[in-house]
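I have placed the structure first, in the form of structure tokens, so that the comments after it can refer back to it.
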Amino acid sequence: MSRFRFMHRLALCLILGSALSGTLSAGSDYDSQKQRAEAGDARAQYNLGLMYERGKGTERDLRKALQWYESAAEQGLAQAKHNLGLLYDRGEGIPQNHSRAAEWYRRAAAQGLASAQVNLGALYYEGKGVEQSYDQAAHWHGKAAAQGNASGQYNLGMMYYRGKSVDRDIVQAHKWLNLAAAQGREDAAEKRDEVAQRMEPGQIEQAQRLASEWRPRESGH
């Protein structure tokens, strides 16, 4: 389900093997999306890529999905860049290439896409496609966590708990795990409770206060 016990990826496709990240626009159908995509509409190109990846409205074809994602990515669409990263990351339909995955994740992450920040952070943590760096892993998970991304919050909390890159800080670990748990992450709730067993009552109170005062940042900040 994950490459490391606590380094979870956001994208459901990597966890469930079901679909790439993203949702189709309301009223999407293959013919209209194809017509708009061929006319150069980036959002339609992205939607068409999703349709080919999922086999929705047309036969499943990952190579065509790749082509349409590339077209949308060339126009700057962050979600398309992220999904290109996912295709290369898992190597389904194309040869697996973690370096290319990291390249596309980085481009999407630089635009503030939290899911790409999580996946790039995971590659840095594992040293796949990039030089292994806990500092970079913490940097990108921190950016995703700051936006309110539950996977980023979980991973950052675990890095604080384990003292990876950041100094070991059980107050910060509890805070971030608590925030992820509040979004329904059962694994985060379990780890938060595990951390709490190692804390003094005053530390737990401090962590809970920090979590209650926390507010998400916009992606550009």
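Summary of values
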quantity: Counted charge near residue 73, where neighbours are those whose Cβ lies closer than 10 Å (Asp, Glu -1; Lys, Arg +1); calculated: 0
quantity: Region 45-158, relative contact order [Cα under 8 Å, separation at least 6], %; calculated: 15
quantity: By average C-beta atoms within 10 angstrom, highest first, the peptides 105-116, 149-160; calculated: 149-160, 105-116
quantity: In Å, descending, principal axis extents of the Cα set of the chain; calculated: 62, 36, 30
quantity: Full-extension gain in nm, residue 56 to residue 31, via 0.36 nm per residue minus C-alpha separation; calculated: 7.8 nm
quantity: Global geometry of region 173-221, whether rounded, prolate or oblate, following the gyration tensor of its Cα atoms and the 1.5 cut on a/c; calculated: oblate
quantity: Full-extension gain in nm, residue 200 to residue 75, via 0.36 nm per residue minus C-alpha separation; calculated: 39.8 nm
quantity: Cα radius of gyration and Dmax for region 32-111 (Å); calculated: 11.8, 34
quantity: Per-residue [θ]222 nm for the chain (sum of -39500 (n - 2.57) over DSSP H runs n ≥ 4, rounded to 500); calculated: -19500 deg cm²/dmol
quantity: Computed lengthening from residue 128 to residue 213, 0.36 nm per intervening residue step minus Cα-Cα distance; calculated: 27.0 nm
quantity: Net charge dipole size for the chain [Lys, Arg +1 and Asp, Glu -1 on Cβ; Debye, nearest 20]; calculated: 120
quantity: Mean-position separation - Cα centroids, region 98-116 and region 178-208, in angstrom; calculated: 29
quantity: Stokes-Einstein D for region 132-174, Kirkwood Rh over Cα pairs, 4 °C, 1.567 mPa s (µm²/s); calculated: 132
quantity: Radius 10 Å from Cβ of residue 105, net charge of other residues (Lys, Arg +1; Asp, Glu -1); calculated: +2
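The numbers here are math on the coordinates, done by the rules we state, and not lab data. Quick caveat, the model's predicted, so the values are computed rather than measured. Note that we place each Cβ from the backbone using ideal geometry, even for glycine, and neighbour counts take in every protein chain shown.
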